[in-house]
Amino acid sequence: MHARPFAASRLAAHALAAMIAMSSVPSHAQDFSKVTDPANPIVTLGAGPGGSFIGSAWVDSDGDGDLDLFVVRNGLFRNDGGGAFVHLPSAITSQGLATGTTWADVDNDGDLDCFVAGGAPSGSALYRNQGGNTFGKVTTGALGDTLTHFGWAAAFGDYDRDGWIDLVLAAPVGFNGVTGPNRLLHNDGAGGFTRIDSSTVATGLAFYTVPSWSDFDVDGDPDLFIGSGSGGGGLLVDRLYRNRFETQSGWLERYTTAPLGTDLHDGQLYNWVDYDNDGDLDVYLTNFGGNANDLYANVGGGVFVKRTAAEVGPIASDVSPSLASVWEDFDNDGDLDCYVTNAQTFAARFYRNDAGVFTALAINTLTGGGPHWGASAGDYDGDGRVDLYVNGSAATHGLYRNVTSNANHWLDVRLHGTASNRAGIGARVRVRSTIAGQPRWQMRETSSQNSFDGMNRLDTHFGLAEGTVVDSLVVEWPSGRTSVRTQVPADGLVEVTEPGEVTSVTASLVESSSQPGRVRIVWSLSSSAVQLVAVERSVAGGEWGTIGGARLEAGERVTLEDSAVAALTRYRYRLVVRDRDGEQRLGEVELLVPSAFALAVRPLGGPGPMRVELTLPAADAAQLELFDAAGRRVSRWSDASAQAGTRTIELADSGQLAPGLYLLRLRQSGASVSARVVRGH
């Protein structure tokens, strides 16, 4: 994203070589057909004005089960099925220098709301979904004054995990009429927002481009990544922020660890994907010009390694003014392919993934000359093959239907949060199926900003190759809860609701503790009319297996004592129960077994504010959370430099707690313990 034209002299040879290479690769394994019917308003009205760099999003805006298309400055296109769309230009009236969009359910009322990011003179605005493809522009509160929020792109993410989706707006100073800083806006509940100007994200001026949220360090909260471009100058270090709970001003602190936090880029979009199916998130960064895009592999332990073309193919060496990267399993073979858009006249790129090595394919006008800006992926016709809309000028924009011909199977997953935000943004979805005769896990993280100035559909898509069933489907929710499904048939959509509503019986955690050589967990079942089938355990993220050591008491309480554990090893446990709805897997708990210390939390009785005794075995950051019976966090205490020993604290704002059951959870150094507490009248 730059105001200056891209210097083509250095790249002409690269572009020519890339086009020759692509033309030599047969494209029969992957094919798209450009929709050209003039009766389709996307064909005739979907283009952007020159140099607009506009984004788009596939969303089910009216809740009728199919995907509608929103294109910034061009409005909403309602999907009526059978490939027919109706243009609704007045539904969301983004004008002026509007460029970016992000969608989420800001008020948790069951429908998706729209935020449009823009510069001078119109600014940015939030549009609340009022049903039936009717949207109301928010004109009150922190987001009501659109002219105080000039920006380029935005992203929804629940950075404090309170179940209400928050917002960041990236502001490229000196471009698009932007002169001020980024905005970080906290959702205070029911869609009301407060500006957090003290956060390091919202202080200082830079050429910010596209923000994206991802829990890259797997500590339970989303971190923030913003490309910084160059604004016409040299390469720069991008703005990356690690989420540090309440221990930092505005929750986020600058991340400067090599190589992600130190490499120089002309950064546009950080896209977090598991391209090699090893169970963790890698990152792909598009660069506007002068150097190739960057693929960093997550090799475990918070270590990232920049991959070369010799290792992964031309996806790491092609040089063009790149903007969007769109990652989907377009051929349903069980790994993520990538589509990259390029500005000016440079050709777009399509990279087929074969076990972590990418091949560039030439696919008619989809990979033709630009300009191409944002792009958005979604299966608009419901045939199990992911389609593409590509932003561009009148000559280069297009709706591309995926017409790949193979017998590969697929599965779509739609999330409904309860304790987490309703759209499930930030959740991780894992599926296991048999591919090429071997069990294979795949993982996706639900994101509201995973393209340039826009987003793909929120439903998660998995290609299964020859697999006809998913033997395990696991959803890890932002709240910390887990949903598990087994034996899910392929070739359809499965809807998963966060635990508490998904089955007729639920399993609540009463207490859990890990000590050297021993794990103890107590669950409470919501009904005595169940049969405990088994307790399953997974070691260090491996396969699930049945273990002993559990007992069912009074038909409703399950106690597990596991002494076959190793120090400094992470274990997951879950119950397998049978009720009137069949066999269910519930109550997943993850614990790290310590080496020689015991973490402890003990509630102290008495009226007034809740007093809690903590035993901390190490000098390290510690956090105590209090949850109500519905799983909602109602209070939190944290100390970034807690000292070892025993202390008593009073939980803030807990003096007026209603009578009932609560759960305390204490965490330090990767270990956690919990205890149940009952507040009386």
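The values are calculated or read from the model by the stated rules, or taken from the named source; none is laboratory data. Small disclaimer: the values here were computed from a predicted structure and weren't measured. Cβ sites come from the backbone with ideal geometry, for glycine too, and all protein chains shown count toward neighbours. All accessible areas refer to the heavy atoms of the entire protein, side chains included, with ligands and DNA or RNA removed. Shrake-Rupley method; radii C 1.70, N 1.55, O 1.52, S 1.80 Å.
Checking a compactness column here: for the range 125-268, what do you get for Rg(Cα) / (2.2 N^0.38 Å), N being the number of residues? Write out the running numbers ahead of the final one.
Working: Rg = 15.4 Å, N = 144, 2.2 N^0.38 = 14.5 Å.
Against the compact-globule rule of thumb, the ratio is 1.06.
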Check your understanding: Based only on the alpha carbon positions, what is the Kirkwood hydrodynamic radius of the chain, in angstrom?
Key -> 25.9
Practice item. Mind ranking 193-206, 437-450 by how tightly packed they are, going by the mean number of other C-beta atoms within 10 angstrom, highest first? Key: 437-450, 193-206
Check your understanding: Normalized C-alpha radius of gyration of the range 387-461, against 2.2 N^0.38 Å?
Key -> 1.39
Revision key, fill the gap. The range 512-631: spread of alpha-carbon positions along the three principal axes, whole Å, largest first, is 45, 38, 20
Revision key, fill the gap. So the angle from the long Cα axis of helix 12-23 to the longest Cα principal axis of the chain, reported in degrees to the nearest 10, equals 80
Study note, to complete from the structure: Of all DSSP beta bridges having both residues in the chain, the percent classed as antiparallel (nearest 5) is 95
Review point. Can you give the accessible area per residue of the chain, in Å², using a 1.4 Å probe?
Key: 35
Point to revise | For the range 333-437: Kirkwood Rh in Å [reciprocal of mean 1/r, alpha carbons] | key: 16.0
Check your understanding: What list of ³J(HN,Hα) values in whole Hz, one per residue of the range 345-359 in order, does the Karplus curve 6.51 cos²θ - 1.76 cosθ + 1.60 (θ = phi - 60°) give from phi, with Gly and Pro shown as x?
Key -> 9, 6, 5, 6, 10, 10, 10, 8, 8, 10, 6, x, 10, 10, 10
Revision key, fill the gap. Computed over the range 530-582, the distribution of all Cα-Cα distances in 5 Å bins, rounded to whole %, is 4, 17, 28, 22, 15, 9, 4, 1
Study note, to complete from the structure: Carbon plus sulfur, as percent of the 1.4 Å-probe accessible area of the chain, comes to 51
Study note, to complete from the structure: What one gets for the range 47-117 as the Kirkwood radius, inverse of mean 1/r over different Cα pairs in Å, is 12.7
